[in-house]
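Contents: one structure, followed by commentary.
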Amino acid sequence: MREQLQRVLSDIVRSLKDPRVQFVTVVDVEVTSDLRHVKMFFSVLGSEEDDTKQALQALKKAIGHIRSEVSSRVRLRHTPQITVAYDPTAERAAHLTDLSLIHI
C-alpha cells in the first residue's frame with residue numbers, strides 16, 4: 001500500500017498547476033498501520049531554502065485537493081489525513097558528493 005500511495009501522490013503532485021511545486025518530487029511516504037494517516041516526504045530539485053518553503057506552503061494549501069484525488073484513485077475505507085514534510089536527503093547527498101570531489 002505504501003508504494004501505491006507514493007506513486008499516486010507523485011502523480012497528483014506532478015499534475016498540480018501551482019508553479020511553486022514545479023520541481024517537487026515525492027521521495028517517500030510513511031503510512032500508519034490503520035491507513036488513516038500518511039506523511040508525504042518531498043524534495044525540491046536545485047532547491048534553495050526559499051524554494052523549499054514555498055513548495056511546502058503550496059503543498060499544504062493543496063492538501064484538500066490531494067486528499068480528494070487519493071480518495072478517487074485508491075480504494076480505502078477511509079481517506080487518510082495527509083501531512084507534508086521536506087526530506088533533505090537528496091540535498092545532503094549532493095553536498096557530500098561535492099565535498100568528496102573537492103578532496104580527490
- Of those in the range 42-53 that are under 14 Å from the mean Cα position of the chain (by Cα) and open to solvent by 70 Å² or more (accessible area, probe 1.4 Å), the residue modelled with the lowest pLDDT is 45
- Item | Hits in the range 26-61 - residues which are outside any loop (DSSP other than H, G, I, E, B), over 18 Å from residue 73 (Cβ atoms) and touching a Phe, Trp or Tyr at 6+ places or on another chain (Cβ under 8 Å) | 27, 28, 30, 41, 42, 43, 44, 51, 52, 55, 56
- Query: Tally time: how many residues in the range 4-25 are touching a residue at least 24 places away in the same chain (Cβ under 8 Å) and assigned to a loop (DSSP other than H, G, I, E, B)?
  - Reply: 3
- Please find, within the range 29-41, the residue that is farthest from residue 60 (Cα to Cα) out of those that are touching a residue at least 40 places away in the same chain (Cβ under 8 Å), surrounded by 15 or more Cβ atoms within 10 Å (Cβ to Cβ) and in contact with a strand residue (DSSP E or B) (Cβ under 6 Å, 6 or more places away or on another chain). 31
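The values are calculated or read from the model by the stated rules, or taken from the named source; none is laboratory data. Everything numeric here is computed off the predicted structure, so don't read it as measured data. Backbone-built Cβ (ideal geometry, glycine too); neighbour counts: all protein chains shown. Just the protein is used for accessible areas: all its heavy atoms, side chains included, with ligands, DNA and RNA removed. Shrake-Rupley method; radii C 1.70, N 1.55, O 1.52, S 1.80 Å.
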